[in-house]
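Accompanying notes for the structure given below.
The values are calculated or read from the model by the stated rules, or taken from the named source; none is laboratory data. This one's a predicted model, so the numbers in the text were calculated from it and none came from an experiment. Cβ atoms come from the backbone with ideal geometry, glycine included; neighbour counts cover every protein chain shown.
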């Protein structure tokens, strides 16, 4: 079975080459792998290689053969290195790259400023969501944290912050027989020291704690105690957003009753149809939420070309939507929602802006110091 | 035709690579295509059949070198892991990620399977405790333990992940606050933790040896241990059938992330990806569940019937290295039953030179001079009774110390001074000296019976005394149960008589440690996990 899969993969790779080179050559290709390698190199020589450093959430998209094929048709081969979005701004040497593609607008703005890039592209985005389970939805509805909302269920961040401030445990919720765990009622996030999704979560919670976007040192000081607690009380957290989301899917409610995720992570799993999303798994939209705006910053001409293609090529837009991203042209995403019956709203009303990069960084640093 | 031949060739190659190696922590050589060099926790050894199959299916074979969690974290943090390995594979990355220098060297993790750490007891005991009809939390378990209504074995938290997870789990659950542990919370629950650990009557440096020792004790009516705290997977495969107690307020679960190091080459990166995809495929996940009793890591494979409790609450884990290190230190110095440790040490003429120097260093290392992570936890602990019994042609006077809980340094300094002044001369009267050790222990046990007692026997050559191993065997058989059950840990060194040392370990339920291909310090440190 597995061997078949591997062979299938090999076959598919060859098939691509075959299409590019014509049926006559394909006969030769089937004879020997060595020939295939030589010819593949020949083909690559005609493509322009463009290198990018990207937020790891988009790795699967760029690794997809269909995506590679579209780029190849435009004469481009995109090579990407995955990195944390904060890391792209602060730690990565950008010299070898033609573009940077972090997963948040503040990170992109910072890069754009530093590198004096003329423009940026935001071809797709994904709102932050909270993935949970039916019994938890019921519990939190009773507790006033989950509301029916404008056509989709919302997670009232203000009500949540009040529960968290008191250090409420699950087993202290009145009438809780569904999940009487003796641990704090907290949304599971990633490590604020490493991960973009945790920074987005900080954007949401600091907005609510402050009653507006945090934009002054005073406001930072005011919100830090409450928002720090949301991270510190979790204790150890994982460094990549895939980690807690995978736990949510495989270990279930016991381990991860509420997990912060990108909507795209959930949508991607439903599109795949691999039965990893069970009927009792539900999405809540924080009110307010923020968008993780995947923003491409061209660092050289070749990078700009990739930005343009992602922004304007309909095929790439359609493919991005199959990975669960909301596309610049909403049609692509809406088509997938209809086609795959995705449990997501067409528009999300309560969306706020994240703080400026420097503000977000300072708050993250301040939280990191308390570990 | 060629394709059909390949598996056979691969199988042959694997057979050739299957020879037993003396040192499990050996380096595994330079990078070679198709090989992933992995620094791993020893409990991964049972995955070998799955990995053999993976090698046939993917062409990627795994070369393991085994080490403990904390020692492994140290190797990653210092960068030595990068020199010889492409990936690490421990039961969890949690501790590694708390060490900043290690965390930044970790690349893509792939969770392969999971297993919670739980309590296993014989069915009759569970019934006696009334736990067969209801689920209990850690607080009830700790209370029953404090009243000695059951006893258990657990691994050393500084040497092995299952003990470490149990310590974190019980501390988190008892702290009652529900959020992650910090130093103040640990102090607040110390009395309850002490109750819980008072029922721990067996310790070990590895999960495997713990299970073996438990089986042996189960057969020996003299000194039984009721149950074990270990991975669910280990407890489910125990030959003595055990009933698993899943604490209702939560567990700490090992999730076995096969983790690439950031230093890995692109070939290794590709190999890691290929192997990960294979291991996470539904068929392989099912086989892992069936053969190793671990839970699958992918949601597509449903749990089978042997997992009595499917949905487990996961307890929070501390968020900083200092909190974890503090918890381990508190465990050793305050919480666990204190140790009584007798060192029977060869100071005969053959030990002159480098050897006696090595012995001095090994002992000095245990007095706090070893500043490595693992070394920090292996020093003599607060409340520990340490007796050094040097011998040559006959036993010399025993040198007895008791390390105070609060201010250990002065006594540690005394031990260090004694160790530094050890000299080598004379003959090698191993067995009469070892016999003499029991006189010291008898006195100490009469005065204070409730301790982990063990003997380390270090000698570099053949016995020259008039009593031989057969005499000692007769003597040992005549001992009362409380002395007979004391494990002896012989250390092979120089020209040790291997067969005799094996015999001594076996008769006492101990274990032989080899210091012929590594330093005495390394062996002494490893033994700490068993004391």
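For this structure, a couple of remarks:
- Residue tally, condition surrounded by 15 or more Cβ atoms within 10 Å (Cβ to Cβ) and in a loop (DSSP other than H, G, I, E, B), over the range A:135-179: 11
- Within the set B:57, B:77, B:81, the sole residue that is buried (at least 23 other Cβ atoms within 10 Å of the Cβ) and either farther than 27 Å from residue B:204 by Cβ or modelled with pLDDT under 95 (or both) turns out to be B:81.
- Scanning the range A:64-114 for residues that are touching a strand residue (DSSP E or B) at 6+ places or on another chain (Cβ under 7 Å), farther than 16 Å from residue A:49 by Cβ and assigned to a helix (DSSP H, G or I) yields a total of 6.
- Within the range B:45-122, strands (runs of 3 or more DSSP E) holding 2 or more residues that are within 14 Å of chain A (Cβ to nearest Cβ): B:106-111, B:113-121
- Any hit, the range B:406-424, residues being surrounded by fewer than 18 Cβ atoms within 10 Å (Cβ to Cβ) and under 22 Å from residue B:466 (Cβ atoms): no
- Qualifying position, being in contact with a strand residue (DSSP E or B) (Cβ under 9 Å, 6 or more places away or on another chain) and part of a loop (DSSP other than H, G, I, E, B), among B:135, B:149: B:135
- Residue in the range A:253-262 that is buried (at least 23 other Cβ atoms within 10 Å of the Cβ) and free of Cβ contacts under 8 Å to residues at least 60 places away in the same chain present: yes
- Qualifying residues in the range B:442-468 (those that are in contact with a strand residue (DSSP E or B) (Cβ under 8 Å, 6 or more places away or on another chain) and over 23 Å from residue B:384 (Cα atoms)) - the one surrounded by the fewest Cβ atoms within 10 Å (Cβ to Cβ): B:461
- Of all residues in the range A:205-220, those satisfying the criterion of being touching a helix residue (DSSP H, G or I) at 6+ places or on another chain (Cβ under 6 Å) and not in a loop (DSSP other than H, G, I, E, B) are A:205, A:206, A:208, A:209, A:210, A:219, A:220.
This table checks each residue for (1) within 30 Å of residue B:291 (Cβ to Cβ); (2) in a helix (DSSP H, G or I); (3) within 20 Å of the chain's Cα centre (by Cα); (4) away from chain A (no Cβ under 14 Å).
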{"residue": "B:165", "(1), (2), (3), (4)": "yes, yes, yes, no"}
{"residue": "B:194", "(1), (2), (3), (4)": "no, yes, no, yes"}
{"residue": "B:228", "(1), (2), (3), (4)": "yes, no, yes, yes"}
{"residue": "B:233", "(1), (2), (3), (4)": "yes, yes, yes, yes"}
{"residue": "B:244", "(1), (2), (3), (4)": "yes, no, no, yes"}
{"residue": "B:247", "(1), (2), (3), (4)": "yes, no, no, no"}
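- Sole residue being within 14 Å of chain A (Cβ to nearest Cβ) and modelled with pLDDT under 85, chosen from B:177, B:207: B:177
- Restricting B:297, B:362 to those that are within 30 Å of residue B:60 (Cα to Cα), modelled with pLDDT of 90 or more and either buried (at least 18 other Cβ atoms within 10 Å of the Cβ) or within 14 Å of another protein chain (Cβ to nearest Cβ) (or both) reduces the list to B:297.
- Assessment of the range B:254-268 against the conditions (outside the structural domain of residue B:230 (by TED's automatic domain parsing), surrounded by fewer than 20 Cβ atoms within 10 Å (Cβ to Cβ) and either outside any loop (DSSP other than H, G, I, E, B) or at pLDDT 95 or above (or both)) yields at least one matching residue.
- Hits in the range B:269-280 - residues which are crowded, with 16+ Cβ neighbours inside 10 Å and over 31 Å from the mean Cα position of the chain (by Cα): B:274
- Residue that is nearest to the other protein chains (Cβ to nearest Cβ), among those in the range A:354-371 that are surrounded by 15 or more Cβ atoms within 10 Å (Cβ to Cβ), out of contact with any strand residue (DSSP E or B) (no Cβ under 9 Å at 6 or more places or on another chain) and not in a helix (DSSP H, G or I): A:371
For (1) within 22 Å of the chain's Cα centre (by Cα); (2) modelled with pLDDT under 50; (3) surrounded by fewer than 14 Cβ atoms within 10 Å (Cβ to Cβ), each residue gets a yes or a no:
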site	(1), (2), (3)
A:29	no, yes, no
A:42	no, yes, yes
A:45	no, no, yes
A:55	yes, no, no
A:82	yes, no, no
A:88	yes, no, no
A:92	yes, no, no
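- Condition check for residue A:233: within 14 Å of chain B (Cβ to nearest Cβ), touching a strand residue (DSSP E or B) at 6+ places or on another chain (Cβ under 9 Å) and modelled with pLDDT under 95: yes
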